[in-house]
Amino acid sequence: MSVKTITCIGCPMGCRLNVRMESGQVKEVDGAGCGRGAVYARQECVCPMRMVTSLVCVRERRAPLSVKTTRPVPKERIFDCLKAIHAEQAVPPVEIGEVIVKDVCGTGVDIVATGKIAENAECGMSDVQANNVVQDNR
């Protein structure tokens with residue numbers, strides 16, 4: 001039996017968890033200050049998962065679009081997911097929650113926009129800057 005000590009990231013408390021493992025299975029978790037700790041430790045020690053956030057280029061724009069996974073992906077697939085994200089290019093208009101990459105790297109998880117890009121924004125300007133230009137020209 002082996003003991004692994006990890007820091008829980010399930011809540012802001014950051015508890016130090018002692019996880020007793022046997023034959024690749026979690027047998028016991030000590031040190032959790034809330035119910036999330038044991039759940040986190042079991043997942044982290046068997047199949048660690050992470051949310052991925054990044055930026056994607058936007059066609060004919062200088063400013064990138066922020067994106068994220070809809071669910072955590074296996075930790076060992078993070079860099080594959082980032083390569084796939086960086087190979088994409090968003091096409092305006094883009095709404096928050098719009099799928100930018102479907103089933104990234106065969107994980108069953110989509111990459112979605114976390115920002116909005118209007119179709120009428122001028123090249124290289126943010127939506128706010130473009131809106132100011134339109135108002136100034138009225």
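Please treat every number below as a calculation from the coordinates, not as lab data. Since the structure is predicted, the reported quantities are computational estimates derived from the model, not experimental observations. So basically every Cβ, Gly included, is an ideal-geometry build from the backbone, and we count neighbours across all protein chains shown.
Nearest 0.05, what FRET efficiency do Asp103 and Glu60 give at R0 = 22 Å with Cβ-Cβ as r?
Numbers: r = 27 Å, r/R0 = 1.21.
The computed FRET efficiency comes out at 0.25.
Looking at the range 21-90, which trypsin sites (Lys or Arg not before Pro) are in a loop (DSSP not H, G, I, E or B) and have at most 14 other Cβ atoms within 10 Å? Kindly include the intermediate steps, with their values, before the conclusion.
Values: sites: Lys27, Arg36, Arg42, Arg50, Arg59, Arg61, Arg62, Lys68, Lys75, Arg77, Lys83; in loops: Arg59, Arg61, Arg62.
Those satisfying the criteria are Arg59, Arg62.
If each DSSP helix of 4+ residues adds -39,500 (n - 2.57) and the sum is divided by the residues in the chain, what number results at 222 nm, nearest 500 deg cm²/dmol? Each step should come with its number before you reach the end.
Details: 3 runs with 31 residues, N = 138.
It lands at -6500 deg cm²/dmol.
Please find the FRET efficiency linking Cys47 to Val91, where r is the Cβ-Cβ separation and R0 is fixed at 30 Å, and quote it to the nearest 0.05.
Numbers: r = 35 Å, r/R0 = 1.15.
FRET efficiency, Cys47 to Val91: 0.30.
Note down the relative contact order for the range 2-46 as a percent, whole number, built from C-alpha pairs under 8 angstrom at least six residues apart. Present the calculation step by step, with values, prior to reporting the outcome.
Working: 75 pairs, mean separation 15.3, N = 45.
That works out to 34 percent.
Expressed as an acute angle from 0 to 90° and rounded to the nearest 10, what is the orientation of the C-alpha long axis of helix 127-136 relative to the principal long axis of the chain?
The angle comes out near 20 degrees.
Over the Cα atoms of the range 1-120, what is the Rg over Rh ratio if Rh follows Kirkwood? Working shown, then result.
Numbers: Rg = 18.3 Å, Rh = 16.2 Å.
Ratio of gyration radius to Kirkwood radius: 1.13.
Under 8 Å for C-alpha pairs, at least 6 residues apart: give me the relative contact order for the chain, rounded to a whole percent.
Normalised by residue count, the contact order of the chain is 16 percent.
For the Cα atoms of the chain, what angle does the longest principal axis make with the long axis of helix 35-46, in degrees from 0 to 90, nearest 10?
90
Could you give the length gained by full extension between Asp80 and Lys27, i.e. 0.36 nm per residue of separation minus their alpha carbon distance, to one decimal place?
Details: separation 53, 0.36 × 53 = 19.08 nm, distance 3.16 nm.
Going from the current span to full extension adds 15.9 nm.
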